[in-house]
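Asker: Sharing a structure, written as C-alpha cells. Questions coming.
The values are calculated or read from the model by the stated rules, or taken from the named source; none is laboratory data. Keep in mind that this is a model prediction, so the values were computed, not measured. All Cβ positions, even for glycine, are placed from backbone atoms using ideal geometry, and neighbour counts span all protein chains on display. Surface accessibility is based on the protein's heavy atoms, side chains included, excluding ligands, DNA and RNA. Shrake-Rupley method; radii C 1.70, N 1.55, O 1.52, S 1.80 Å.
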Amino acid sequence: MNRKRTLFWSILALTILALVLTACAPQAETVGEAEPAAEEAAAAPTEAPAEESSDDMSMEPIKIGALAPLSAPGAVVGGEAMRDAMLIAADVLNARGGIMGRPVEVIIVDTEGLPERGTAVVERLINQDGVVGIGGGYHSSVGVAAKEVARDNGIPIVFAETWNDTITSVQYDEIFRIAPLSSEVSAVDVNFIQWLRDENGMKLDKVVILTENTDYGIPAAENTTALLDGAGIAAVTFSVDIGTQDFAGIVERVKAESPDMIVILATGEASYNFTQQAADAGIGPQDVPTMCNQVSLVSDAFWVNVPDGNNCFVRRIGLPQKLYNDVAQELVAEYSDRTGKDDIESYAMASYDSIMLIAQAIEDSGSTDPGDIIDALENINHMGALGPITFPINRSNTPEQAGVDPKWWHQFPDPAITIVQYQEAGQDAVDTAVVYPDVYQTDPPVIVGQE
C-alpha cells in the first residue's frame with residue numbers, strides 16, 4: 001500500500017507541474033489581431049530590460065520575401081552574395097528596432113535560376129509564409145515568371161538584378177526594379193566597343209557573342225547585335241543552355257569565326273567554364289579582347305575557375321568604390337567582415353537596397369497592407385547603397401505623360417555602369433582598372449591580340 005500511495009502522490013505532483021508549465025508557456029500571436037500581452041506590458045512598470053526585450057521580440061514579425069539562385073543551374077556565386085547582403089539588411093533593420101516596432105524576418109528562397117522554380121517559391125512566400133513584399137531576384141527568366149504571381153496576388157516585388165525590359169514595360173503596379181534595363185546595358189557595351197575602335201585604334205570588324213537561352217540572354221544578344229550593326233560591326237551569336245559545362249564544340253565554332261572581340265552573355269558558372277575553355281583553345285582573354293560576365297568580379301571564384309582570365313573586360317554596375325556613399329561604405333565593412341571579401345558585388349548591393357526599400361515603404365505608409373506599400377514605393381526617396389533611389393515613372397506620371405518608353409515604368413533611372421579590366425593575374429576585383437567611361441577611368445585599356 002505504501003508503494004501505491006507513493007506512486008499516486010508522485011503522479012499527482014508531475015501532473016500539477018505540467019499544468020503549471022503549460023499555463024506559463026507563451027501563446028502564438030497573429031498579425032493584425034490585438035496583442036493584449038503586449039498592451040499589458042506597456043501599461044506596467046518596466047523594471048527588467050531582459051523582459052522588455054523578450055516581450056518586444058515576441059511580437060509577430062513583419063515578413064519580407066527574398067529571391068536568390070542558391071543552387072545550379074542558377075548563378076550560385078551570385079545568389080550566395082545576394083543572400084549575405086539581404087541577411088545583413090535584416091540584421092540592420094532589427095538592430096534599429098525593426099519596422100514600426102516589430103521584428104523583421106527576411107525569408108530567402110532558392111530560385112535555382114529557373115522560371116518554374118521561381119513561380120513556385122514566390123507562390124509559397126505569398127500564400128504560405130505571408131510576406132508583405134519581396135526583394136532580390138537575379139535571373140531575368142525568374143523575374144519574368146515571378147512578376148505574374150506578384151500581380152495575381154497584389155504583392156510588391158522590388159527586383160534587384162533582373163534586366164529583361166519586359167519586366168517593367170508591362171506596367172504592373174506591383175513590379176519595381178533597381179537593376180538596369182537590358183537594352184540600356186547593351187547600349188553601354190556597344191558604346192564601349194566603338195570607343196575601343198575609334199579612340200584606341202582597336203581592329204573591330206567582327207564580334208562573337210556567346211549567350212544563354214534565357215529571357216536575359218536572348219534579348220541582350222539581339223539588342224547588342226542590332227546596335228553593333230548600326231556601328232558597322234558584324235556580330236555572330238552562339239547560344240547555349242543555362243548551366244552548360246562543356247563548351248568544346250562551341251569554342252571550335254567561335255575560333256573558326258576569327259573574331260576581333262568576344263562578348264560573353266552567359267551568366268554564373270557557365271561563364272567561367274566558357275572563358276577558361278576558350279583560353280585553353282587559344283582564344284581566351286589573353287589572346288582575343290573579351291568582355292566577361294559580371295560574375296567574374298567575384299574574384300576568388302573567378303581566379304580559381306579561370307586561371308587564364310587576365311585582361312578580361314568586365315561590366316560593373318555601380319560606382320567605383322572610391323565614390324561609395326556612407327550607406328555603401330557601412331555595408332561594405334559589414335559584408336567584408338562576414339565574407340572576407342574586400343568589396344561587394346553590385347547585385348549584392350542592389351539586393352540589400354531592395355530589402356531596405358520595402359522596409360522604408362512600410363515605415364512611410366505606416367502599414368503592412370501591400371497596396372499601401374506600393375503607394376509608398378511610388379513616392380519613395382531612398383538613400384541606398386546604390387545612391388538616391390526613386391521611381392519617377394509611375395501611376396501619377398505615366399510613360400505616356402512623361403514621353404518615355406514603357407520600359408521605364410517603376411524603374412530606377414540612374415544606375416551607374418562602368419567597364420573594368422583585370423590587368424594583373426590574380427588581381428582582386430576591387431583593384432581592377434576602370435577603363436570606361438572616361439569620367440571614371442583610372443587606367444587605359446590593355447588590348448591584346450592586335451597586330
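Asker: Tell me, which strands (runs of 3 or more DSSP E) wholly within region 222-292 include 2 or more residues that are touching a helix residue (DSSP H, G or I) at 6+ places or on another chain (Cβ under 6 Å)?
Answerer: Details: elements: 234-240, 261-265, 290-292.
So the answer is 234-240, 261-265.
Asker: Can you find a residue in region 345-363 that is more than 22 Å from the chain's Cα centre (by Cα) and in the same structural domain as residue 162 (by TED's automatic domain parsing)?
Answerer: Going through region 345-363, the residues more than 22 Å from the chain's Cα centre (by Cα) turn out to be 363.
Add one more test, that the residue is in the same structural domain as residue 162 (by TED's automatic domain parsing), and what stays is 363.
Scanning region 345-363 turns up at least one residue that is more than 22 Å from the chain's Cα centre (by Cα) and in the same structural domain as residue 162 (by TED's automatic domain parsing).
Asker: What number of residues within region 432-446 satisfy the criterion of being closer than 13 Å to residue 321 by Cα, open to solvent by less than 30 Å² (accessible area, probe 1.4 Å), touching a residue at least 60 places away in the same chain (Cβ under 8 Å) and not in a loop (DSSP other than H, G, I, E, B)?
Answerer: 1
Asker: Is it the case that residue 227 is in contact with a Ser or Thr (Cβ under 9 Å, 6 or more places away or on another chain), open to solvent by 50 Å² or more (accessible area, probe 1.4 Å) and at pLDDT 95 or above?
Answerer: Numbers: in contact with a Ser or Thr (Cβ under 9 Å, 6 or more places away or on another chain): yes; open to solvent by 50 Å² or more (accessible area, probe 1.4 Å): yes; at pLDDT 95 or above: yes.
Judged against the criteria, residue 227 is a match.
Asker: Please find, within region 102-118, the residue that is nearest to residue 144 (Cα to Cα) out of those that are open to solvent by 40 Å² or more (accessible area, probe 1.4 Å) and part of a helix (DSSP H, G or I).
Answerer: The selected residue is 115.
Asker: On to the next question. Condition test on residue 192, is it assigned to a strand (DSSP E or B), touching a strand residue (DSSP E or B) at 6+ places or on another chain (Cβ under 8 Å) and not basic (Lys, Arg)?
Answerer: On the way: assigned to a strand (DSSP E or B): no; touching a strand residue (DSSP E or B) at 6+ places or on another chain (Cβ under 8 Å): yes; not basic (Lys, Arg): yes.
Taking the combined requirement at face value, the residue does not satisfy it.
Asker: What about residue 412, is it within 21 Å of residue 294 (Cα to Cα), modelled with pLDDT of 95 or more and touching a strand residue (DSSP E or B) at 6+ places or on another chain (Cβ under 9 Å)?
Answerer: Working: within 21 Å of residue 294 (Cα to Cα): yes; modelled with pLDDT of 95 or more: yes; touching a strand residue (DSSP E or B) at 6+ places or on another chain (Cβ under 9 Å): yes.
Here the answer is yes, as residue 412 does meet what is asked.
Asker: Next question. Suppose we keep only residues that are under 30 Å from the mean Cα position of the chain (by Cα) and under 18 Å from residue 207 (Cα atoms) within region 252-268. Which one would you say is modelled with the lowest pLDDT?
Answerer: Start the filter on region 252-268 by keeping residues that are under 30 Å from the mean Cα position of the chain (by Cα), which leaves 261-268.
Of the ones still in play, those that are also under 18 Å from residue 207 (Cα atoms) are 261-266.
Working: 261: 98, 262: 98, 263: 98, 264: 97, 265: 96, 266: 93.
Only one residue tops the list, namely 266.
Asker: Name the one entry in 277, 286 that is open to solvent by 30 Å² or more (accessible area, probe 1.4 Å), among the polar types (S, T, N, Q) and more than 25 Å from residue 444 (Cβ to Cβ).
Answerer: Values: 286 fails: more than 25 Å from residue 444 (Cβ to Cβ).
Step by step, each of 277, 286 is checked, and only 277 is open to solvent by 30 Å² or more (accessible area, probe 1.4 Å), among the polar types (S, T, N, Q) and more than 25 Å from residue 444 (Cβ to Cβ).
Asker: If a residue counts only when it is crowded, with 17+ Cβ neighbours inside 10 Å, which strands (runs of 3 or more DSSP E) contained entirely in region 315-427 have at least 3 such residues?
Answerer: Those strands (runs of 3 or more DSSP E) span 417-421.
Asker: Would region 202-216 turn up any residue that is closer than 20 Å to residue 74 by Cα and part of a helix (DSSP H, G or I)?
Answerer: From region 202-216, those closer than 20 Å to residue 74 by Cα are 210-216; that's our starting set.
Subset that is part of a helix (DSSP H, G or I): none.
No: region 202-216 contains no residue that is closer than 20 Å to residue 74 by Cα and part of a helix (DSSP H, G or I).
Asker: Oh, and also: Please count how many residues of region 60-93 are touching a helix residue (DSSP H, G or I) at 6+ places or on another chain (Cβ under 6 Å) and either more than 30 Å from residue 116 (Cα to Cα) or modelled with pLDDT under 95 (or both).
Answerer: Number satisfying all stated conditions: 4.
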